[in-house]
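Computed from the coordinates by the stated procedures, all read-outs in this text should not be read as laboratory data. Small disclaimer: the values here were computed from a predicted structure and weren't measured. Positions of Cβ are backbone-derived with ideal geometry, glycine not excepted, and every protein chain shown enters the neighbour counts.
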């Protein structure tokens, strides 16, 4: 019962947002409860076309950024993890420690030099600053996750493959990747959720309205100089949560396996 009560407390803001998306604007902040007296479904069509472009434009923009980020992390982080877990090279431990140190660096420390660098490359107002770094194994958390997973895979599989004449590329592609499906799925799910919900970096690098992603577009509903349409904003917030909910719903089996397991059977 305690867990159920705690779950309801955690879900209350989400349920309140859904209820508020169905209330008239005048009742949103005067009704803290979850029961809706007067249903107003107009917030959804109104919010869909409230900004400069239909909300489908921002959904497609976010899907494009998320797709590139997921593919980049799956390729680069898995290759980097294989190198740390299986290859022997000079300063490997030092490089691994330095990689882990980057996890503790807040984005606010890196954002200024990153902006200057991307501005010199003329990448501002493009999706390149959001996607290209993912192909360079910049997410140390996922590298560490995959390293721990690969270390649990018996080395006898590598040795058997080498006896058959397989090199590192073949071992990585034909042996490791199929066994790493839980870790790869976990990486894909977390990358999807974190990239979809990312507001700060997308706000910094993308300022053109036609390139806005979902989090930046939702921020546009709030205007400090005119009356903000909170009903439409809550309605589009509910719409933006649907992809995250579906990804978590269908991927939770792989997510639990990726976190709980540490190698092949």
(message) Can you compute the helix-only [θ] at 222 nm over the chain? Use -39500 (n - 2.57) per DSSP H run of at least 4 residues, normalise by all residues, nearest 500 deg cm²/dmol.
(response) -20000 deg cm²/dmol
(request) Would you mind computing, in nm to one decimal, how far apart the modelled labels at residue 248 and residue 100 are, each placed 7 Å from Cα along Cα→Cβ? (result) 2.9 nm
(request) Mind putting together the pair-distance distribution for segment 1-40? All Cα pairs, 5 Å bins, whole percent per bin, short to long. (result) 5, 26, 28, 16, 12, 8, 4, 0
(request) May I ask you to derive the FRET efficiency for residue 88 and residue 141 from their Cβ-Cβ distance with R0 = 30 Å, giving the value to the nearest 0.05? (result) 0.80
(message) Order 133-143, 35-45 from most to least packed using the mean count of other Cβ atoms within 10 Å.
(response) 133-143, 35-45
(message) As I understand it, the value is the acute angle between the Cα axis of helix 140-151 and the longest principal axis of the Cα atoms of the chain; what does it come to in degrees, rounded to 10?
(response) 40 degrees
(message) Under the 0.36 nm per residue contour assumption, what length would be gained going from the current alpha-carbon distance of residue 6 and residue 241 to full extension?
(response) 82.5 nm
(request) Rounded to whole Å and ordered largest first, report the semi-axes of the equivalent ellipsoid of the chain derived from its Cα gyration tensor (root of 5λ). (result) 41, 24, 15
